[in-house]
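**Student:** Sharing a structure here in structure tokens format.
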Amino acid sequence: MTTTPSRARRRAEEIAATHDECAQLAELRADTVAQYTALVREQLRLLGEDPDREGLQKTPERVAEAMRWLTRGYETCVADVVNGAVFEEAHESMILVRDIEIYSMCEHHMLPFFGKAHVAYIPDGKIIGLSKVARIVDVFARRLQVQERMTDQIADAVMHALEPHGVGVVIEAWHLCMMMRGVEKQNSKTVTSAVRGLFREDQRTREEFLMLVHGGHRGFE
């Protein structure tokens, strides 16, 4: 699918968001906790529940805080999580961080999806701290998401942070919107990929990446 200019621009803005922009959004979200709590209370009532009964009295506040935690990626910047952990290094071969756990929320039903991300890059004179790769994944996982967009965002963020020769990302995930409702398919797994630079241009590089990701890999069990 071709990315429209508006979508591409929005993705670039999310990846290059500044510390001040993220801090401003964090402040705004903190100020809306009381409103969200009231909305959850009303939701309980609309479901036919009594929000004043003992087991539910604290539920609206808990849900509001939980949702802020689960979507904290909105108030987190790639630049902040990288935090200068980019180092000059002459390493020229592929670097892969595999099996990074992901927990996200489907934007269509606001139900969780979860699985693993595999992120690789070929450096061009610079490497990044390994933990920062996982943190970049979390920046985009901890939002209302679709797996396809999240895969692209992670690849673009690594390209933006490092300017490497190329980046490859594969995500394997299970979606509760397919498992506990709708078609109720318990064993269906969605796999998405995004390739940039050499990973797109060179077949051997792409094959090496996929072999490292899937070689001897039995998936999320």
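The values are calculated or read from the model by the stated rules, or taken from the named source; none is laboratory data. Treat the numbers as computed from the prediction; the structure is a model and nothing was measured. Cβ sites come from the backbone with ideal geometry, for glycine too, and all protein chains shown count toward neighbours.
**Student:** So how many residues does segment 92-109 have that are modelled with pLDDT of 95 or more and either acidic (Asp, Glu) or surrounded by fewer than 14 Cβ atoms within 10 Å (Cβ to Cβ) (or both)?
**Tutor:** Selection size over segment 92-109: 6.
**Student:** Against the conditions (1) closer than 16 Å to residue 154 by Cα; (2) in a helix (DSSP H, G or I); (3) without any contact (Cβ under 8 Å) to a residue 60 or more places away in the chain, where does residue 44 fall short? Just the number, please.
**Tutor:** Against the list (1) closer than 16 Å to residue 154 by Cα; (2) in a helix (DSSP H, G or I); (3) without any contact (Cβ under 8 Å) to a residue 60 or more places away in the chain, residue 44 comes up short only on (1).
**Student:** Collect the residues in segment 142-182 that are among the charged types (D, E, K, R), out of contact with any Lys or Arg (no Cβ under 6 Å at 6 or more places or on another chain) and more than 20 Å from residue 14 (Cα to Cα), keeping them in residue-number order.
**Tutor:** 181
**Student:** Let me ask you something else. Could you say which residue among 63, 78 is outside the structural domain of residue 191 (by TED's automatic domain parsing) and more than 30 Å from residue 50 (Cα to Cα)? First the steps, then the outcome.
**Tutor:** On the way: 63 fails: more than 30 Å from residue 50 (Cα to Cα).
Among 63, 78, only 78 is outside the structural domain of residue 191 (by TED's automatic domain parsing) and more than 30 Å from residue 50 (Cα to Cα).
**Student:** Residue under question is residue 182, and the condition is that it be modelled with pLDDT under 95 and either within 14 Å of the chain's Cα centre (by Cα) or closer than 19 Å to residue 100 by Cα (or both); does it hold? Even if it seems obvious, please write down each step before you answer.
**Tutor:** Details: modelled with pLDDT under 95: yes; either within 14 Å of the chain's Cα centre (by Cα) or closer than 19 Å to residue 100 by Cα (or both): no.
So residue 182 fails the test.
**Student:** Quick one: in segment 94-119, of everything that is out of contact with any helix residue (DSSP H, G or I) (no Cβ under 7 Å at 6 or more places or on another chain) and in a strand (DSSP E or B), which residue is farthest from residue 176 (Cα to Cα)? Outline the logic, then answer.
**Tutor:** First pass over segment 94-119, keeping only residues out of contact with any helix residue (DSSP H, G or I) (no Cβ under 7 Å at 6 or more places or on another chain): 95, 99, 101, 107, 110, 114-116.
Adding the requirement that they be in a strand (DSSP E or B) leaves 95, 99, 101, 114-116.
Working: 95: 31, 99: 20, 101: 16, 114: 8, 115: 11, 116: 15 Å.
The selected residue is 95.
**Student:** Something else now. Please work out if residue 78 is surrounded by 15 or more Cβ atoms within 10 Å (Cβ to Cβ) and modelled with pLDDT of 95 or more. Before the answer, list the steps.
**Tutor:** Details: surrounded by 15 or more Cβ atoms within 10 Å (Cβ to Cβ): yes; modelled with pLDDT of 95 or more: no.
So residue 78 does not fit the description; no.
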